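Data block below; observations after.
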Amino acid sequence: MSESDVVLEVKGLQVAFKVSKKDTLTAIQDVTFTVHRGETLGIVGESGCGKSVTANSIMRLLPKQTSMITGGSILFDGNDLTQASEKEMRDIRGQKISMIFQDPMTSLNPVYRVGDQLVEMYQAHGKIDKKDAWAKGTEMLREVGIPSPETRMYEYPHEMSGGMRQRVMIAMALSARPELLIADEPTTALDVTIQAQVLDLMKELRSSLNTAVMLITHDMGVVAENSDYVLVMYAGEAVEYADVKTIFTAPRHPYTQGLLASLPRVDRNTERLNTIEGTVPSLADMPKGCRFCTRCPYATDKCRQEHPELVDVDGHPVRCFYPQKGER
């Protein structure tokens with residue numbers, strides 16, 4: 001890919017949260033990745049690893065009273081979003097960068113009809129009257145596979161199923177044909193049939209619009225089927241970053257290996273699934289050295305005392321003093 005194909009480039013992102021007037025806790029530390037046009041970047045990791053905070057930082061949606069971007073840059077089409085004004089961000093959100101949030105029931109306004117919310121999206125980003133915006137919204141619902149869109153436009157969110165609401169969210173996110181779509185666990189709480197339909201829809205729209213996609217998920221199967229590159233996060237840091245084939249066939253970080261070892265495999269159906277002992281450390285009690293050292297089976301005194309940097313291992317970045325042999 002050429003540099004002109006780069007839509008988003010995040011370099012050394014650091015985000016902190018205020019815990020008092022004087023004290024802060026760093027939630028995101030040294031996160032770096034790139035997203036190209038027409039590509040999907042999968043971001044994986046346990047709950048509490050910083051995936052959603054990273055996404056909200058890109059959209060500049062974190063509350064200003066309690067959080068701040070303290071380091072790094074977020075380059076979108078070459079412009080640093082960390083330096084953009086609120087007015088500039090309003091022009092970018094929804095029009096150039098759209099986001100599908102985790103829970104469509106809380107993301108959609110329950111007291112407005114679906115059609116009114118779609119119309120608002122069109123009118124917020126262009127001079128268009130309500131009649132034309134309503135027609136565009138109806139067509140967008142049809143495009144995302146909602147049956148009888150003319151009727152659905154008059155319905156309220158609670159009158160729709162979870163899958164339908166998620167399709168509405170996708171329709172709203174894609175209404176302005178954005179350059180980048182951030183999907184934060186778009187299939188959470190959906191049954192497997194609807195999950196497959198939503199993911200197929202996103203794949204089709206990515207192909208037809210050449211939209212770049214950031215897919216945040218816990219499901220490694222979803223990552224394997226839909227991503228071109230994968231960023232593995234742990235405790236607010238990027239610990240491994242590579243193309244999807246490398247991540248699944250030759251992972252080098254112990255955490256990545258642990259995530260993959262916990263997946264059921266048809267060729268090992270009699271074996272007990274592995275688990276990663278322990279939990280993600282809290283922001284107030286991070287280990288002094290490697291953040292994964294308290295759960296890593298290969299940790300040494302060096303790991304407990306010194307903090308590892310991202311280093312190139314077999315052509316891709318890994319944050320580990322002792323990267324393991326890349327086999328599964």
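The values are calculated or read from the model by the stated rules, or taken from the named source; none is laboratory data. Here the structure is a predicted model, which is why all the values come from computation and not from measurement. Backbone-built Cβ (ideal geometry, glycine too); neighbour counts: all protein chains shown. Areas reflect the complete protein model, heavy atoms only, side chains present, ligands, DNA and RNA absent. Shrake-Rupley method; radii C 1.70, N 1.55, O 1.52, S 1.80 Å.
Here are the numbers for this structure:
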read-out: Matching residues, the range 20-38, being touching a residue at least 12 places away in the same chain (Cβ under 8 Å) and either surrounded by fewer than 21 Cβ atoms within 10 Å (Cβ to Cβ) or more than 15 Å from the chain's Cα centre (by Cα) (or both); value: 24, 25, 26, 27, 29, 30, 32, 33, 34, 36, 37, 38
read-out: Residue 289 being in contact with an Asp or Glu (Cβ under 6 Å, 6 or more places away or on another chain), without any contact (Cβ under 8 Å) to a residue 24 or more places away in the chain and more than 16 Å from residue 33 (Cβ to Cβ); value: yes
read-out: Positions within the range 168-181 being outside any helix (DSSP H, G or I) and over 14 Å from the mean Cα position of the chain (by Cα), in sequence order; value: 175, 176, 177, 178, 179
read-out: Failed condition for residue 131, given (1) part of a helix (DSSP H, G or I); (2) touching a Pro at 6+ places or on another chain (Cβ under 9 Å); value: (2)
read-out: Residue identified as modelled with pLDDT of 85 or more and within 30 Å of residue 256 (Cα to Cα) among 185, 204, 155; value: 185
read-out: Subset of the range 34-73 [within 15 Å of residue 10 (Cβ to Cβ) and assigned to a loop (DSSP other than H, G, I, E, B)]; value: 39, 50, 60, 62
read-out: Of residues in the range 47-85 being of a type in the set (Lys, Arg) and buried (at least 17 other Cβ atoms within 10 Å of the Cβ), the one farthest from residue 187 (Cα to Cα); value: 60
read-out: Tally, over the range 157-171, of residues that are open to solvent by 30 Å² or more (accessible area, probe 1.4 Å) and among the hydrophobic types (A, V, I, L, M, F, W, C); value: 1
read-out: The range 182-200, residues that are outside any loop (DSSP other than H, G, I, E, B) and either charged (D, E, K, R) or open to solvent by less than 10 Å² (accessible area, probe 1.4 Å) (or both); value: 182, 183, 184, 198, 200
read-out: Residue in the range 86-115 that is farthest from residue 170 (Cα to Cα), counting only those that are β-branched (Val, Ile, Thr) and surrounded by 14 or more Cβ atoms within 10 Å (Cβ to Cβ); value: 92
read-out: Answer from 123, 117 - the residue that is part of a helix (DSSP H, G or I), at pLDDT 90 or above and of a type in the set (S, T, N, Q); value: 117
read-out: Of all residues in the range 138-152 being part of a loop (DSSP other than H, G, I, E, B) and among the hydrophobic types (A, V, I, L, M, F, W, C), the one that is modelled with the lowest pLDDT; value: 144
read-out: Flag if residue 222 is within 30 Å of residue 144 (Cα to Cα), buried (at least 23 other Cβ atoms within 10 Å of the Cβ), within 17 Å of the chain's Cα centre (by Cα) and not acidic (Asp, Glu); value: no
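Every residue, every condition in (1) touching a residue at least 12 places away in the same chain (Cβ under 8 Å); (2) not hydrophobic (A, V, I, L, M, F, W, C), yes or no:
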| position | (1), (2) |
| --- | --- |
| 52 | yes, yes |
| 55 | yes, no |
| 60 | yes, yes |
| 94 | yes, yes |
| 101 | yes, no |
| 116 | no, yes |
